[in-house]
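In what follows, a single structure is set out as structure tokens and then discussed.
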Amino acid sequence: MTKYIKLLITPHPDPLPQRGEDKGEGETKGEKNMPKDITDEEVGMRSFQLRKGRAVERAIEKIRQNLGTHWIKLSLHDIEMLQWVLGEVWAFIARANWDNLAFSSTTLEETKKIIQIGNEIINHERIGSTGLDEVYKIIKKIQT
């Protein structure tokens, strides 16, 4: 029992610096709150995922607004598939091309076709890159 209590009281050999203490040479202000085990690559990947997520959210909202009451004809699975496909298309094409797409003019039929292609990609019935290219062509046609 005393051994257990002793372990709780024994200080850590390398105590964490207190607030305001310097953590060492060569450290910049921005590094103080950054965990050391996170790499620049991980930060970049997370940033990419956040940008992709925001772009997809905006596109979905435009599609939802345009479809109006027809939106309820899509199941939760359909909406999740649409989000996934649009995210993959966002990663597949140039950002400038994405910004020029007219999601607010997408019809229910076009939306269902995009979802169908997404399901075919997931089920390995269609090659991913060709399926995403087809989805991009569908969306690109909408703007005319």
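Only the coordinates and a few stated rules stand behind these numbers; no lab work does. Note that the structure is predicted; figures quoted are calculated from it, not measured. Cβ atoms come from the backbone with ideal geometry, glycine included; neighbour counts cover every protein chain shown.
Order these peptides, 131-141, 87-97, by their mean beta-carbon neighbour count within 10 angstrom, highest first.
131-141, 87-97
Note down the magnitude of the dipole of the range 69-144 about its Cα centre, charges +1 on Lys and Arg C-beta and -1 on Asp and Glu C-beta and zero elsewhere, to the nearest 20 debye.
Once rounded to the nearest 20, the dipole reads 200 debye.
How far is it, in nm, from the label point at A91 to the one at H124 when both lie 7 Å from their Cα along the line to the Cβ?
Placing both labels 7 Å beyond Cα along the Cβ direction yields 1.9 nm.
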